Amino acid sequence: MIEQIRDQISKAAEIIRRGGLVAFPTETVYGLGADGLNPVAVAKVFEVKNRPTFNPLILHIENKDRLNTVCEIPTDKVYDLINEFWPGPLTLVLPKKSNVPAIVTGGLETVAIRMPDNSIALELIRQSDTPIAAPSANLFGQLSPTRAVHVQKQLGEKIDMILDGGKCSIGIESTILLIENEEVTVLRHGGIPVESLREVIGEIKLFPKKSDRPNAPGQLPFHYSPQTPILMLTLENIEKHKNQKIGAIFFKGNYSKFNFAREIILSRNGSLSEAAANLFSTLHKLDDMQLDCILVEPFPPEGLGVALMDRIQKAVAKFEVG
Ligand code: TXA
Ligand code: MG
């Protein structure tokens, strides 16, 4: 780690300890961090993001041994998962301990926790000497940031510091699992495909099982949206918008036969992980180009493609409802 960033991390940790807000890189997306055990600091995160306070935050820890300081561990499956996937893009929702403030969990009795796979993030948490509560560092409902400039654009004026760690290597948020006794349910598809999780712990349910669960992320009808209208790339949509300035995002392959104003290919050779790493930054880029609309090619529904399709469908939904 270069010296300059070392100084900045120390400064950032000082800000966190004093109850301020720091945006920092993780392997998934940039997070907007506050001291997770300080309710006043955490309240500022909601305020700055315009985020409803019933939508709880993830606590970020830097050491697996810290897990049991903030939650109960109801099953050995938790150890199997963290030994295999931490540090990494996997968040576990577990019964909380009483030291976790209600504002972090939206009043729920469970808390979401992960250990990020990014050396700047881990050093920041270590020096802050507290779990860091952090949502993605974007305004509520908007595109997640995968570079420091994306954070600067949306939140720059409102927060104390941005730690620049370059481009996020994974580029899509963590997979979230709810652990209830022996039962495991996916709450959000993300950076670790469900297939890989099943190889380690066997059965995993796919949908939040209680439809009245207010905080299951999958229940927000739309999210992750650029300002420019975004639609699925279908022949029908191409026809409908043919006289407009279109930006097209292709998963793989070569440039198309259509005369789009701008075309971007996420991964020429069809790698889903490369596509994930490029998706949000491509959306940010096209969103800055004064296009009339963005069309996105669907992803294959396997591996990381499931999480990528989830993000696109939620972005598209905003413009479908008007
Ligand atoms: O990769 C990530 O997870 C990034 C980086 C910064 O770590 N963070 C992130 O945070 O995506 P956020 O706040 O944008 O999304 C966290 C999701 C929310 O949709 C929230 O509803 C859900 O986690 N969540 C948090 N605590 C929960 C709980 N106790 N029960 C159910 N869902 C929870
Ligand atoms: Mg988010």
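Laboratory data are not the source of any read-out in this text; all were calculated from the coordinates shown. Here the structure is a predicted model, which means the values were calculated and not measured. Note: ideal-geometry Cβ built from the backbone for every residue, glycine included; neighbour counts use all protein chains shown.
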Checklist outcome for this item: If amide H atoms are modeled at 1.01 Å from N in the peptide plane, then the residues at a separation of 5 or more from Gln142, or on another chain, having amide H under 5 Å from its own are Tyr224, Ser225
Checklist entry - Over the chain, what is the relative contact order in whole percent, taking alpha-carbon pairs under 8 Å and six or more residues apart? => result 19 percent
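For the chain, what does -39500 (n - 2.57) per DSSP helix run (n ≥ 4), summed and divided by total residues, give at 222 nm, in deg cm²/dmol to the nearest 500? Don't skip to the end; give the middle numbers.
Details: 11 runs with 107 residues, N = 322.
Mean residue ellipticity, 222 nm, calculated: -9500 deg cm²/dmol.
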Item to check | DSSP-loop chymotrypsin sites (Phe, Trp or Tyr not before Pro) across the range 1-57, with at most 14 other Cβ within 10 angstrom | outcome: Phe54
Item to check | the range 238-290-the range 86-100 distance, computed between alpha-carbon centres (Å) | outcome: 35 Å
Item to check | Gyration tensor (alpha-carbon) shape descriptor, the range 268-321, a/c threshold 1.5 | outcome: oblate
Checklist entry - For all pairs of alpha-carbon atoms in the range 47-105, what percent lies in each bin of width 5 Å, listed from the first bin to the last filled one? => result 4, 14, 27, 24, 15, 10, 4, 1
Checklist entry - How big, on average over all directions, is the shadow cast by the Cα convex hull of the range 1-60, in nm²? => result 4.5 nm²
Checklist entry - When a footprinting reagent is the concern and you count Cβ atoms within 10 Å, what order do Ile201, Ile113 take, fewest first? => result Ile201, Ile113
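Taking N as the number of residues in the chain, what is its alpha-carbon radius of gyration divided by 2.2 N^0.38 Å?
Values: Rg = 19.4 Å, N = 322, 2.2 N^0.38 = 19.7 Å.
Normalised Rg, Cα atoms only: 0.98.
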Checklist entry - When the chain is treated as a GNM, springs tying every alpha-carbon pair under 10 Å, which of Thr146, Thr91, Thr234 comes out with the largest mean-square fluctuation? => result Thr234
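Checking understanding here: applying a Kyte-Doolittle mean of at least -1.0 and a length along the axis of at least 15 Å (C-alpha), which whole DSSP H helices in the chain pass? Intermediate results must be reported in sequence, preceding the final value.
Values: long enough: 3-17 (21 Å, -0.64); 39-49 (16 Å, 0.94); 272-287 (22 Å, 0.22); 305-320 (22 Å, 0.22).
Qualifying helices, which must be both long enough and hydrophobic enough, are 3-17, 39-49, 272-287, 305-320.
Once you have the Cα-Cα distance between Leu206 and Asp7, take 0.36 nm times their residue separation minus that, and quote the gain in nm to one decimal. Kindly include the intermediate steps, with their values, before the conclusion.
Numbers: separation 199, 0.36 × 199 = 71.64 nm, distance 4.33 nm.
Separation in residues times 0.36 nm, less the Cα-Cα distance, equals 67.3 nm.
Given that compact globular proteins tend to follow 2.2 N^0.38 Å, what is the ratio of the alpha-carbon Rg of the range 230-320 to that value?
Numbers: Rg = 12.3 Å, N = 91, 2.2 N^0.38 = 12.2 Å.
Its radius of gyration relative to the 2.2 N^0.38 Å reference: 1.00.
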Checklist entry - Looking at the range 247-322, which chymotrypsin sites (Phe, Trp or Tyr not before Pro) are DSSP coil and have at most 14 other C-beta atoms within 10 Å of their C-beta? => result Tyr255, Phe258
Checklist outcome for this item: Given backbone amide H placed at 1.01 Å from N, residues whose amide H is under 5 Å from that of Cys71, ignoring those fewer than 5 places away on the same chain, are Lys97
Checklist entry - Given labels modelled 7 Å from the Cα in the Cβ direction, how far is it in nm from Asn83 to Asn55? => result 3.6 nm
